[in-house]
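Asks: Can you read through this structure? Questions will come right after.
Bear in mind these aren't lab numbers, they're just calculated from the coordinates by the rules spelled out. Computed from a predicted model, the values in this text were never measured in an experiment. Backbone-built Cβ (ideal geometry, glycine too); neighbour counts: all protein chains shown.
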Amino acid sequence: MKELLIKIKPLTPLWTGNEEGKNTDMRETGIIGSLRWWYEALIRGLGESACDPTNTKCNGEKHCGACELFGCTGWARKFRLEVEFNQTIPEVGIGVRKDCRKIRKVSGFMSDGTILLKFTPLKKISSNEWAMLNSTLKIIANYGALGAHVSQGNGVIKIEENNLPKGKLNKNECKSEKEGIDSPNLKDFFFFKISITFTNDIMNLIKNNVFWTYDTSCGLNTRYNRDWSQLWNNYGFIPIAYHIRDALRRLEQYKNIRHEIFGEMGKGSKIFVSHGYKINDKTVQVRIFGYIRNNEDDKNGEIDELLKKIMSKKDSGSLNFLKDYLFNIEPQNQQKKDGIDKIEIVEAKQGNEILEDLLEVLINGV
């Protein structure tokens, strides 16, 4: 069958991983798994069924809408996906705590052009499935992230070209079934885009060693300028997701609630934060998104309160204390001009709003 192409430009590194947790090869299964996760969230938001693929209730001829396209026991996936890329970024170690005990690694797949997703249908794909697959890609590109380690800044993409058939949604063909509380549903999502504008060119900030990294008390990493400069000049991002998460964590004063929202050892985060991707020489944009599963994840309203703090001008003004988490306190060459000029929430949306925006496209195929 005809090979269809999707060209994407990664704005932050793509991570797919392997059995050993390494990111040495671009694994199509990692991309497919991420597409499926978002596809399931979308079709649940539309009232269609999507099982938990880790269980065995879908098999053979009886399966949910997600398994119909992505496959399950006894039913093969309807398409083959191949990925072409040409570069990995250098691994960078960055400090994210003032006591230097926390060093994070940043790595992944980037490209000096576009990454090609080669999509080959193997079975008949319905108009409904094309419509929802295209909408899934739009959600990822406009609001979410692709691949793994998205809570650590990875996976923000821009779609440069998409020649998949558009399709139209016929809700009469959707399979309805009640889902469990653990199933992500787009209705329960929230999305923020935050713009951070600095008072100096970001390249100058990197040269002045002002971002939190290995500082002199930890033994300044001589690779700092080279690596950060390469990430910014070649790939257009700065690895600040950990710093943003640190700042957001401090909006919640109670440790047990912080762990509930942002995760801890053995427990995943409910909020995802991207690295800062380039808008211009002084400005980056950061995505913050997550979901509250049927409100069962937020019985006491902690996430709701955090979202209100981010949204309110007073407390979002408190996001200005990001400077304490982005910058060294006394970097050797820091000048007064090295700092944050302004922080703005440029877009804030709930999953319900996105579903409403998509419905016209899904139904009319426009």
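Asks: Which links in LYS166/LYS278; LYS138/LYS168; LYS78/LYS187; LYS105/LYS138 stretch past 22 Å when you go from one Cα to the other?
Replies: LYS166/LYS278; LYS78/LYS187; LYS105/LYS138
Asks: Also, I was wondering about something else. Could you give the length gained by full extension between ASN170 and ASP341, i.e. 0.36 nm per residue of separation minus their alpha carbon distance, to one decimal place?
Replies: Taking ASN170 through ASP341 to full extension adds about 56.7 nm, to one decimal.
Asks: So, R0 is 51 Å and r is the distance between the beta-carbons of LYS123 and GLN230; what FRET efficiency does that work out to, to 0.05?
Replies: Rounded to the nearest 0.05, the efficiency is 0.75.
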